Amino acid sequence: MDIVIRPVGVIRSPFRVRGDAPPQGRFSDEKSEIHIFPEYRKAAEGLELFEHVFVIYWQHLAERDVLKVVPLGKKNKRGVFSTRAPSRPNPLGLCLVKLLDVDDVLTVQGLDALDGSPVIDIKPYYKDIDSPW
C-alpha cells in the first residue's frame, strides 16, 4: 500500500535545531507562522472562527529508525508509541496551538515545531469532542 502525503504549507518558527524546541508547545509563549501554499489557501477559510487549532506536521529532522526512547524525565526506555518523542517510524508532529491571526499567513502561539517543518494538515480544536471529559 502506498501512502502519498503532500505538504500544505511550511512552518517558520524561532526553533532552528532540535534542542531549541520545547518538549511540548504548551510550555512556550513563542509565536510561529504557518505559510499555507497558494493552492491550499482556500482550505484555511473559516479558521478565524477558532481560538485553537491542531497542527499536524512532519518532523523532518527526526530519526525514523528508533523504536524505543527514554521519555523526558524518566530513566527507562519505552516504545515510541507510548511517548511523544519526535523519533518514530513516521515522524508526525501534533500540536495544539493558539491561533492569533489568520491572514495570508497563520500566526500561532505554542507550536513546538522546528523551522522549515512541512505542514501536513490543520484541524480545529473542539472542546466538546477533543477532551475525554
Selection within the range 92-106 - over 17 Å from A21 (Cα atoms) and surrounded by fewer than 16 Cβ atoms within 10 Å (Cβ to Cβ):
L100, D101, D103, D104, V105
With the condition kept exactly as written, say whether any residue in the range 109-125 is under 13 Å from the mean Cα position of the chain (by Cα) and among the polar types (S, T, N, Q).
yes
For the range 118-126, indicate whether the set of residues that are acidic (D, E) and open to solvent by 70 Å² or more (accessible area, probe 1.4 Å) is non-empty.
no
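Of K98, K68, K42, K77, which residue is in contact (Cβ under 8 Å) with a residue 40 or more places away in the chain and among the basic types (K, R)? Spell out the reasoning first.
Numbers: K68 fails: in contact (Cβ under 8 Å) with a residue 40 or more places away in the chain; K42 fails: in contact (Cβ under 8 Å) with a residue 40 or more places away in the chain; K77 fails: in contact (Cβ under 8 Å) with a residue 40 or more places away in the chain.
Going through K98, K68, K42, K77 in turn, just one is in contact (Cβ under 8 Å) with a residue 40 or more places away in the chain and among the basic types (K, R): K98.
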Looking only at residues that are outside any loop (DSSP other than H, G, I, E, B) and charged (D, E, K, R) in the range 5-20, which one is least open to solvent (accessible area, probe 1.4 Å)?
D20
Residue count, the range 68-86 (criterion: open to solvent by 100 Å² or more (accessible area, probe 1.4 Å), modelled with pLDDT under 95 and not hydrophobic (A, V, I, L, M, F, W, C)):
3
Selected residue [surrounded by fewer than 19 Cβ atoms within 10 Å (Cβ to Cβ), at pLDDT below 95 and on the phi < 0 side of the Ramachandran plot] from P38, P89, P23
P23
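Under 16 Å from R18 (Cα atoms) and out of contact with any Ser or Thr (no Cβ under 6 Å at 6 or more places or on another chain) - does that describe any residue in the range 72-81?
Yes: the range 72-81 contains one or more residues that are under 16 Å from R18 (Cα atoms) and out of contact with any Ser or Thr (no Cβ under 6 Å at 6 or more places or on another chain).
The values are calculated or read from the model by the stated rules, or taken from the named source; none is laboratory data. Because the structure is a prediction, the values reported are computed rather than measured. Cβ: placed from backbone, ideal geometry, glycine included. Neighbour counts: every protein chain shown. Ligands, DNA and RNA are stripped out before the accessible areas are found, and what is left, the full protein with its side chains, is counted by its heavy atoms. Shrake-Rupley method; radii C 1.70, N 1.55, O 1.52, S 1.80 Å.
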